[in-house]
Amino acid sequence: MSQLTIGDLYSKRDLADELDEGNLRLVREGIYNFKSESRTFLFVDLEKEGKKDRFHFDDYFEEDWFHWDSQTTQHLNSPKIQEIINGEREVHLFARVVQKIKSQTQPFVYCGRLAFDMYDPNKTSKPIHIRFLSLDFQDDTPNEHLQAIYQWKPHKAGKAPSNTIPPSWAPSEE
């Protein structure tokens with residue numbers, strides 16, 4: 001993935017051209033699984049305003065942890081979800097705060113690689129809620145695009161996360 005730079009802006013069309021992955025430009029969902037390699041791209045709009053309730057997912061950074069809700073058709077035993085959980089797929093995050101500004105589609109910010117940490121045992125289907133560790137998190141980044149993604153929280157949009165995964169600093173109950 002040396003072609004992609006963390007903090008840079010990419011449209012799906014840019015990515016399709018740059019990675020010679022034509023189907024990528026046609027993807028309307030928030031997840032793209034490469035067929036020729038074990039790589040998955042997550043495309044996330046943090047603000048859900050104007051979207052149907054079924055698309056109001058809990059997607060946000062909590063320090064270097066990224067919380068993500070799958071599509072509503074997926075569950076814990078979906079094959080690609082299992083591959084992500086089992087570390088069989090390399091997951092990359094592309095996020096943006098809003099989808100459009102003045103009817104203009106916004107590019108995604110490349111946030112880097114994610115490693116599966118845990119899933120919410122109370123949300124294992126439609127959608128499943130997963131917490132990832134951001135392997136390329138840049139805590140003191142001067143990149144304003146990354147800062148905006150890292151600092152966005154559901155409460156800024158008048159929402160509260162519905163997952164029950166404890167904050168990353170909470171002691172685990174094992």
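The distance between label points at GLU144 and THR72 comes to 3.6 nm (points 7 Å beyond Cα on the Cα→Cβ vector).
To the nearest 0.05, what FRET efficiency results for GLU63 and GLU18 with a Förster distance of 25 Å applied to their C-beta separation?
Numbers: r = 30 Å, r/R0 = 1.19.
The value I calculate is 0.25.
Would the stretch 1-140 count as rounded, prolate or oblate if I go by the C-alpha gyration tensor, calling it rounded below 1.5 in a/c and otherwise prolate when a/b exceeds b/c, oblate otherwise?
Values: a/c = 1.32, a/b = 1.15, b/c = 1.14.
In terms of gyration-tensor shape, rounded.
Suppose the chain between ARG25 and ASP136 were pulled fully straight at 0.36 nm per residue; how much longer would it get relative to their current alpha carbon spacing?
Working: separation 111, 0.36 × 111 = 39.96 nm, distance 2.47 nm.
Going from the current span to full extension adds 37.5 nm.
Extending 7 Å from Cα along the Cβ direction at LEU9 and again at GLN151 yields two label points whose distance is 1.7 nm.
If you plug the beta carbon distance of ASN122 and ASN33 into 1/(1 + (r/R0)^6) with R0 = 22 Å, you get a FRET efficiency near 0.30. Rolling a 1.4 Å probe across all protein chains gives HIS129 an accessible area of roughly 0 Å².
The values are calculated or read from the model by the stated rules, or taken from the named source; none is laboratory data. All of these numbers come straight from a predicted model, not from anything done at the bench. Positions of Cβ are generated from backbone atoms using ideal geometry, with glycine treated the same way; all protein chains shown enter the neighbour counts. Just so you know, the surface numbers come from the protein's heavy atoms only, side chains and all, with ligands and any DNA or RNA stripped out. Shrake-Rupley method; radii C 1.70, N 1.55, O 1.52, S 1.80 Å.
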